[in-house]
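K.L.:
Have a look at this one.
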Amino acid sequence: MRLLFVGDVVGRSGRKVVLKELPGLRERLHADFVILNGENAAGGFGITEDICQEFLDAGADVITTGNHVWDQREALVFIERQERMLRPLNYPEGTPGRGSGVFKAANGADVLVINPMGRVFMADLDCPFRAVEKELQACALGEGADAIVIDFHAEATSEKLSLAHFVDGRVSFVVGTHTHVPTADDQILTGGTAYISDAGMSGDYDSVLGMDKEEPINRFMTRISGSRFEPAKGEGTLCGVAVEIDDASGLAKAISPVRIGGRLRQVEPDFWTD
Ligand SMILES: [Fe+2]
Ligand SMILES: [Fe+2]
């Protein structure tokens, strides 16, 4: 089974490159399942129902999010009817929406997607390790699900690596999001789980994490907010990760970054040629 993950889509530049490239990419890679993190899609802050639907129409199967999920207040309402969008798993009990779900891939496989959020340098949520463990107890690889993907939305690489090793051999793929910078540590862990600390963002890399440069520089230098953060408007890069999953075991066989368009060095996986 072939899986594609697209990192945090930031603003119009990110949406533009994703909507342009995703349908063709999905076809070229013969991807059976596509997950996209959409937490910064609407002007850099949150996601609207219309944008969510655009991503689904362009070939995404599931939209994951993170700390920005509620920046557009309408998300609190539409997430209840949009079953293909997830919010952080370990938010307080009673939070609208859901943090995990089982979805059908194009090859017929049942894919469990889990979207926990880290606690280091972030909000003080329930323990993501225990929250994930509970999900895996309820729906184990090879029993309730043919493949399991965790989008761990977290700041600290130590927390991401620790969670990945905690579930190694029990999950197909752990992908980090939130830092908006792609890391070069894509690998298959010793137990068979594919891992990367951060998929990177999909947006304009001539920026500070997808935002216009001036205001971040100003805030670092003066400690005073001058204006709102605005997404950078240059050409975007679709930044993500491709993973080949063994149909029998549900564990990973190969992992590669994917980068199309914009300023970053272009990368497509070399293990999918047919
Ligand atoms: Fe983000
Ligand atoms: Fe985030």
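The values are calculated or read from the model by the stated rules, or taken from the named source; none is laboratory data. Remember, predicted model here, so these are calculated numbers, not experimental data. Heads up, the Cβs are rebuilt from the backbone with ideal geometry, glycines too, and the neighbour counts pull from every protein chain shown. SASA here: full protein model, heavy atoms, side chains in, ligands and nucleic acids out. Shrake-Rupley method; radii C 1.70, N 1.55, O 1.52, S 1.80 Å.
K.L.:
Under the condition of being within 12 Å of GLN82 (Cβ to Cβ) and surrounded by fewer than 20 Cβ atoms within 10 Å (Cβ to Cβ), which residue from region 52-70 is farthest from the chain's Cα centre (by Cα)?
P.N.:
It comes out as GLN53.
K.L.:
Inspect all residues belonging to region 74-86 and state whether any of them is crowded, with 16+ Cβ neighbours inside 10 Å, within 16 Å of ligand 1 (Cβ to nearest atom) and outside any helix (DSSP H, G or I).
P.N.:
yes
K.L.:
Consider THR237 carefully, then state whether it is over 29 Å from TYR91 (Cα atoms) and crowded, with 22+ Cβ neighbours inside 10 Å.
P.N.:
It is true that THR237 is over 29 Å from TYR91 (Cα atoms) and crowded, with 22+ Cβ neighbours inside 10 Å.
Yes/no matrix, rows are residues, columns are (1) among the polar types (S, T, N, Q); (2) in a strand (DSSP E or B); (3) within 16 Å of ligand 2 (Cβ to nearest atom):
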position	(1), (2), (3)
GLY200	no, no, yes
SER227	yes, no, no
ALA242	no, yes, no
GLY250	no, no, no
VAL258	no, yes, no
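K.L.:
Scanning for something surrounded by fewer than 22 Cβ atoms within 10 Å (Cβ to Cβ) and away from ligand 1 (no atom under 16 Å from the Cβ), does region 109-118 turn up at least one residue?
P.N.:
Yes - at least one qualifying residue is present in region 109-118.
K.L.:
When region 125-155 is examined, which residues are found to be open to solvent by less than 10 Å² (accessible area, probe 1.4 Å) and within 16 Å of ligand 2 (Cβ to nearest atom)?
P.N.:
PRO128, ILE150, ASP151, PHE152, HIS153, ALA154
K.L.:
Consider ILE245 carefully, then state whether it is under 14 Å from PHE5 (Cβ atoms), touching a Leu at 6+ places or on another chain (Cβ under 7 Å) and surrounded by 13 or more Cβ atoms within 10 Å (Cβ to Cβ).
P.N.:
yes
K.L.:
Here's a follow-up. Please verify whether GLY38 is within 14 Å of ligand 1 (Cβ to nearest atom) and under 24 Å from ALA109 (Cβ atoms), treating the condition exactly as stated.
P.N.:
Here the answer is yes, as GLY38 does meet what is asked.
K.L.:
Please find, within region 162-188, the residue that is nearest to LEU3 (Cα to Cα) out of those that are without any contact (Cβ under 8 Å) to a residue 40 or more places away in the chain, surrounded by 21 or more Cβ atoms within 10 Å (Cβ to Cβ) and within 15 Å of ligand 2 (Cβ to nearest atom).
P.N.:
GLY176
K.L.:
Quick one: would you say GLY200 is open to solvent by less than 60 Å² (accessible area, probe 1.4 Å), more than 26 Å from ASP168 (Cβ to Cβ) and under 18 Å from the mean Cα position of the chain (by Cα)?
P.N.:
no
K.L.:
Something else about it: List, please: which pairs have Cβ atoms under 9 Å, are six or more places apart or on different chains, and start with a residue in region 1-15 that is of a type in the set (Ser, Thr, Tyr) and end with one that is part of a strand (DSSP E or B) and at pLDDT 95 or above?
P.N.:
SER13/SER202; SER13/GLY203; SER13/PRO231; SER13/THR237
K.L.:
Cβ contacts < 9 Å: first residue in contact (Cβ under 8 Å) with a residue 12 or more places away in the chain and among the polar types (S, T, N, Q), restricted to region 34-55; second residue away from ligand 2 (no atom under 16 Å from the Cβ) and open to solvent by less than 10 Å² (accessible area, probe 1.4 Å), any location; separation 6+ or different chain. Result?
P.N.:
THR48/PHE78
K.L.:
In region 10-51, what count of residues is obtained for those that are of a type in the set (A, V, I, L, M, F, W, C), open to solvent by less than 40 Å² (accessible area, probe 1.4 Å), within 16 Å of ligand 2 (Cβ to nearest atom) and in contact with an Asp or Glu (Cβ under 8 Å, 6 or more places away or on another chain)?
P.N.:
Going through region 10-51 one residue at a time, the tally reaches 4.
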